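Okay, structure first, notes after.
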Amino acid sequence: MKASTLRRHASIEPKGAGVVLSALHPAYRGARSMFPSRVFDPDEVGRVLKDGHQSRKIGRTVLKGARRGWPIFTLTLEERATCPRTCAVWGACYGNNMQAAERITPGDELEATLWREIAALQAAHPRGFLIRLHVLGDFYSAGYVEMWARAIATFPALHVFGYTARSPFDEIGRAVLELAAADWGRFAVRFSGWRGASRGAVVVDTPADTDHVICPAQTGGTDCCATCALCWHSERTIAFLKH
């Protein structure tokens, strides 16, 4: 399958630092996106789980490993509004460069919509499917993490991968950590900023700044997540070049 059929946008090479907000910027201070017109309630969009083809980093279908042939979907929430203020890239979030992205508001309506959509994906893809959490945003409550725990238990085809800026020592982070530890194969969520040897994700300016493996899609080693599988296959901490 050609790369152009896996994702709509051609280049995923890091271009260095993007838009960085001042601490006085309203979006920085108010814990919200720079693009409030791009924040939607779940019933305002066709679906909250988007085809991975829509993302320049993700890709439509897994082409490597035991999950070859599985479709990939993504969920995008509002950056900063759902994130901890301790996030190391609070002002430099790459969402600052993603005006076109549809951010979905969190809460009960989102969780009910997710449940319906996951159930439909289970019926359509009983062999398996992947969901990337979160293109933007983060786990916003322990109850939301519990929803994912119930979904993992209910829908055997569901597999999750992604990252969180939550601390593994706060209530939400502990819930994420427990779910990942219970079944990494189904819930491969890494802790951003964790520099240990496993289950972490770090952001660096240059390859020389880290001893961890660098995202192969950023270095030209592979095309995108769909052709790589490192994030959900390996527990090794992964470094990402600032973008």
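The values are calculated or read from the model by the stated rules, or taken from the named source; none is laboratory data. On a predicted model such as this, the values are computed, not experimentally measured, just so you know. We place every Cβ from the backbone using ideal geometry, glycine too, and count neighbours over all the protein chains shown.
Out of Val48, Val89, one residue alone is under 22 Å from Gln218 (Cβ atoms), part of a loop (DSSP other than H, G, I, E, B) and in contact (Cβ under 8 Å) with a residue 60 or more places away in the chain. It is Val89.
Each residue in segment 95-130 was checked for being in contact with a helix residue (DSSP H, G or I) (Cβ under 8 Å, 6 or more places away or on another chain) and outside any helix (DSSP H, G or I), and 10 pass.
Arg174 meets each of the listed conditions (1) surrounded by fewer than 17 Cβ atoms within 10 Å (Cβ to Cβ); (2) at pLDDT below 95 apart from (2). If only residues of segment 224-239 that are assigned to a strand (DSSP E or B) and free of Cβ contacts under 8 Å to residues at least 40 places away in the same chain are counted, the one that is nearest to Arg199 (Cα to Cα) is Arg236. Scanning segment 24-45 finds one or more residues that are of a type in the set (Ser, Thr, Tyr), out of contact with any strand residue (DSSP E or B) (no Cβ under 9 Å at 6 or more places or on another chain) and surrounded by 15 or more Cβ atoms within 10 Å (Cβ to Cβ).
Please determine whether any residue of segment 154-161 is part of a strand (DSSP E or B) and without any contact (Cβ under 8 Å) to a residue 60 or more places away in the chain.
Within segment 154-161 (the criterion being part of a strand (DSSP E or B) and without any contact (Cβ under 8 Å) to a residue 60 or more places away in the chain), the answer is yes, since at least one residue qualifies.
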